[in-house]
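To start, the structure under review is shown below, and the notes come after it.
Bear in mind these aren't lab numbers, they're just calculated from the coordinates by the rules spelled out. Note that this is a predicted model, so its numbers are computed, not measured. Heads up, the Cβs are rebuilt from the backbone with ideal geometry, glycines too, and the neighbour counts pull from every protein chain shown.
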Amino acid sequence: MEQRFFIKIPLDRVGALIGPKGKTKSTLEKIFHVTLDIESSSGSVEIKMSLADNDVSNLFAVQNVVKAIGRGFNPKKAEKLAEEDYDLIIINLEDYAKSKNAIARIKGRIIGKDGSSRRMLEELTGTFVSVYGDTVSIIGKTNNLETAREAVIMLIKGAFHKTVWNFLYAERRKRKQNRIKLWEENIEN
């Protein structure tokens with residue numbers, strides 16, 4: 001029995017999914033034991049998997065990788081989604097702004113001058129952030145994704161960058177304290 005799933009990605013991201021000389025496509029097929037049929041003229045991607053010799057979780061993982069590449073991530077970062085504790089969040093900016101000008105302003109706030117805000121978000125949350133089209137996508141470990149999403153929403157809603165960075169520094173301190181506490185409890189036991 002064969003399982004099939006269809007995803008549509010932007011036409012300008014088809015090349016990134018295929019990769020130079022088909023390398024990205026073949027790497028994904030090997031990692032996930034699937035077949036990718038990519039329609040270059042429409043951006044339609046068919047993912048085929050034989051269920052007899054495969055785990056269905058691979059199907060969901062490769063879907064996320066294809067979506068991530070379609071949302072502007074480079075394939076190496078998107079392949080992190082193959083790891084068990086990584087996930088993808090996609091935030092549609094049209095849900096928060098009604099005009100193209102408002103969306104452009106929000107994208108500028110998230111990216112920052114020369115990408116400085118995006119880099120700061122990534123560094124403080126341990127995630128990867130892509131601003132592409134009318135979306136902001138985040139790849140990261142499950143326990144970091146909610147913090148990163150909350151920071152992005154704060155920026156979307158107009159919070160000062162300093163307020164967002166202070167929030168992220170506080171969250172990072174909390175996570176570090178929790179790790180230390182957990183480590184101390186393990187030593188005691």
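On alpha-carbon atoms, Rg over Rh for region 2-82 using Kirkwood Rh?
Computed over Cα atoms, the ratio is 0.93.
Any chance you could give the angle, 0 to 90 degrees and rounded to 10, that helix 116-125 forms with the longest Cα principal axis of the chain?
The angle comes out near 90 degrees.
Cβ neighbours within 10 Å, averaged per peptide: list 60-68, 164-172 in order, most packed at the top. It would help to have the intermediate numbers written out before the result.
Working: 60-68: 21.7, 164-172: 15.6.
Result, highest mean Cβ count within 10 Å first: 60-68, 164-172.
Calculate for the chain the 222 nm mean residue ellipticity that helices alone would give, adding -39,500 (n - 2.57) per DSSP H run of length 4 or more and normalising by residue count, nearest 500 deg cm²/dmol.
Numbers: 8 runs with 99 residues, N = 189.
Helix contribution divided over all residues of the chain: -16500 deg cm²/dmol.
If I take R0 = 30 Å and measure r between the Cβ atoms of Ser50 and Glu83 in this structure, what FRET efficiency does the formula 1/(1 + (r/R0)^6) give, to the nearest 0.05? List each step's numbers first, then the result.
Working: r = 23 Å, r/R0 = 0.77.
The calculated FRET efficiency here is 0.85.
For region 2-82, calculate the relative contact order in percent as a whole number, restricting contacts to Cα pairs under 8 Å that are 6 or more residues apart.
Relative contact order here is 37 percent.
Take every Cα pair under 8 Å in the chain that's 6+ residues apart, average their separations, divide by the length, and report that relative contact order as a whole percent.
Details: 247 pairs, mean separation 31.7, N = 189.
Relative CO of the chain lands at 17 percent.
What pairs from Lys67/Lys113; Lys80/Lys174; Lys8/Lys113; Lys23/Lys77; Lys113/Lys174; Lys30/Lys76 go past 23 Å between their alpha carbons?
On the way: Lys67/Lys113 27 Å; Lys80/Lys174 25 Å; Lys8/Lys113 31 Å; Lys23/Lys77 15 Å; Lys113/Lys174 29 Å; Lys30/Lys76 14 Å.
Over 23 Å Cα-Cα: Lys67/Lys113; Lys80/Lys174; Lys8/Lys113; Lys113/Lys174.
Looking at the P(r) of the chain, how many percent of alpha-carbon pairs lie beyond 20 Å?
It works out to 60 percent of all Cα pairs.
Between the alpha-carbon centers of region 1-79 and region 111-180, tell me the distance in whole angstrom.
Distance between centres, Cα-based: 27 Å.
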